[in-house]
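The values are calculated or read from the model by the stated rules, or taken from the named source; none is laboratory data. For clarity, every value in this text was computed on a predicted model and none was experimentally measured. Neighbour counts run over all protein chains shown; Cβ positions are idealised from the backbone, glycine included. To get the accessible areas, we keep the full protein, side chains included, count just its heavy atoms, and leave off ligands, DNA and RNA. Shrake-Rupley method; radii C 1.70, N 1.55, O 1.52, S 1.80 Å.
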Amino acid sequence: MSEVVEHLAELTGFRDRDVMDVTLVSALRDLLEPRSVAIYRIVGESGQERWLTRARLEGEQAVASADAFWTEAEHLPALHTQPARLECMRERHVLQNRQGEQWLTLFPLATDREVVGVLELGTDAPLRNSAQRMVGSILRIYHNFQGLLDYSERDTLTGLLNRKTFDESFLKALSELNAPQRQACSLAEDGRRLAGPTAGRQPRYWLGVIDIDHFKSVNDRHGHLIGDEVLLLLSRLMRNSFRFHDLLYRFGGEEFVVLMRCEDDDDAAQAFERLRLNCEQYGFPQVGRITVSIGFTEVRADDAPAGAFERADRAVYHAKAHGRNQVRSHAILVEQGQMRESRQVSAVELF
């Protein structure tokens, strides 16, 4: 019992979801000594969902493996390749069956709203009921702690990440930009490393600021409840317009931020243009048509969070001053002489 308590204390001692998943599979490996233990989550757009390996330990592995967070969805296994996982999620109960020389026991991983993945244990013999109950109890604690993280890290209205989580994600991107060049890869189901489309190239990140045009008039004419509905619907349009691994934030009011990884400026511009067009074409109930102005910039290796945000924000103000309902790149505006390069914001000038 003391060993279980120690693992629970370790599990709830982290606020990083990646570390939590690794800690969970490590704890279950120590407690049950299975052949393998892994967490798989569903990612991707509706109808094109894939399995993302969040953490996996097999045999005597000392370090858990995982799919890179920025892996493109098409390089991940399709849902239909794992029918047992789908059944576990659909039925929302523990599923146990024999697969070759081992037994697989699958536990659904759920949020307050939906089942988002599975925990999979591979063992030599069927997992005993007592062991299943222990895993279920640990998963309830895991679920409750994930809920606390959601409460502290997400905007209560839209469910997007909130402003206070931005700096940490930005600094993680910077650490990757400043790391020695390495091959980007994803992991196959059997642990083989598969070179991804970015293999051999350094990552590049873009930060975009999105501002709703004339949002004050929406609140003035229709009231704040309708204004909140507009914000909620825009957040859904953002989820549909960007990829599963793009980080979406609400900074407050009508201001939203996106941190994403792209090949070049054109790819970033296309992603933001997709959101602008989707918003322009959407009919918001009782309000009608609403547009957004968007500014974006590439994240630089020597950036501070405030420095990159300030460049993107200046591009937004340029869009608003020149007709609104536009996407503007800070780099192109500077290149065209429509904007001057501002001084680099110091790393101590954070939000």
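Taking all protein chains together and rolling a 1.4 Å probe, M89 ends up with roughly 20 Å² accessible. Each Lys and Arg contributes +1 and each Asp and Glu -1, all at the Cβ; summed about the Cα centre of region 17-101, the dipole is approximately 240 debye. A 1.4 Å probe run over the protein chains yields, for the chain, 50 Å² of accessible area per residue, whole-number rounding. Taking amide H positions as modeled 1.01 Å from N, with prolines and chain starts lacking one, the residues under 5 Å from A110 and 5 or more places away or on another chain are V116. The angle between the Cα long axis of helix 17-32 and the main principal axis of the chain comes to about 0°, on a 0 to 90 degree scale.
Mind checking the dipole of the chain: about its Cα centre, +1 per Lys or Arg Cβ, -1 per Asp or Glu Cβ, Debye to the nearest 20? Don't jump to the answer; show the numbers that get you there.
Values: 43 positive and 53 negative charges, 108 e Å.
Around 520 debye, computed over the chain.
The overall shape of region 35-110 is oblate: from the C-alpha gyration tensor, with semi-axes ordered a ≥ b ≥ c, the ratio a/c is 1.5 or greater and a/b is no larger than b/c.
With charges set only on the Cβ (+1 for Lys and Arg, -1 for Asp and Glu), what does the dipole of region 232-351 come to about its Cα centre, in debye to the nearest 20? Write down the numbers at each step before the final one.
On the way: 16 positive and 18 negative charges, 115 e Å.
Result for region 232-351 is approximately 560 debye, rounded to the nearest 20.
Sort region 52-186 into rounded, prolate or oblate with this rule: let a ≥ b ≥ c be the square roots of the eigenvalues of the Cα gyration tensor; rounded if a/c is under 1.5, and if a/c is not under 1.5, prolate when a/b is larger than b/c, oblate otherwise. Intermediate results must be reported in sequence, preceding the final value.
Values: a/c = 2.00, a/b = 1.37, b/c = 1.46.
Oblate is the answer for region 52-186, as a/c is 1.5 or above yet b/c matches or exceeds a/b.
The distance between label points at L277 and H80 comes to 2.9 nm (points 7 Å beyond Cα on the Cα→Cβ vector).
Ignoring ligands, DNA and RNA, please state the percent of accessible area on region 45-91 from carbon and sulfur, probe 1.4 Å. Display every interim value, and only then the final one.
Numbers: 1240 of 2590 Å².
Carbon with sulfur: 48 percent of the solvent-accessible area.
Between the residues P126, Q82, G295, the greatest Cα displacement towards the positive end of the dipole of the chain, with unit charges on the Cβ of Lys, Arg, Asp and Glu, is found for G295. Each residue of region 160-166 was assigned a 3J(HN,Hα) from its phi angle through the Karplus expression (A = 6.51, B = -1.76, C = 1.60, θ = phi - 60°), giving 6, 4, 9, 5, 6, 8, 5 Hz with x at Gly and Pro.
Helix 265-281 and the longest principal axis of the Cα set of the chain meet at an angle near 80°. For the residues R85, R54, a 1.4 Å probe over the protein chains yields an accessible-area ranking, largest first, of R54, R85. The angle between the Cα long axis of helix 129-153 and the longest principal axis of the Cα atoms of the chain comes to about 10 degrees, rounded to the nearest 10.
Among 170-177, 102-109, what's the highest-first ranking by average C-beta atoms within 10 angstrom per residue? Spell out each step's value before the answer.
Working: 170-177: 17.5, 102-109: 20.5.
The packing order, highest mean first, is 102-109, 170-177.
Give me the extension gain from D228 to M134: residue separation times 0.36 nm, minus the current Cα-Cα distance, reported in nm with one decimal.
Working: separation 94, 0.36 × 94 = 33.84 nm, distance 4.21 nm.
That pair, D228 and M134, stretches by 29.6 nm at full extension.
Projecting the Cα positions of Q61, I212, A331 onto the charge dipole of the chain (unit charges on Cβ atoms of Lys, Arg, Asp and Glu, taken about the Cα centre) puts I212 furthest along the positive direction.
What do you reckon, how do D112, D155, D213 stack up by accessible area (1.4 Å probe), largest on top?
Details: D112 135, D155 30, D213 10 Å².
Descending accessible area places them as D112, D155, D213.
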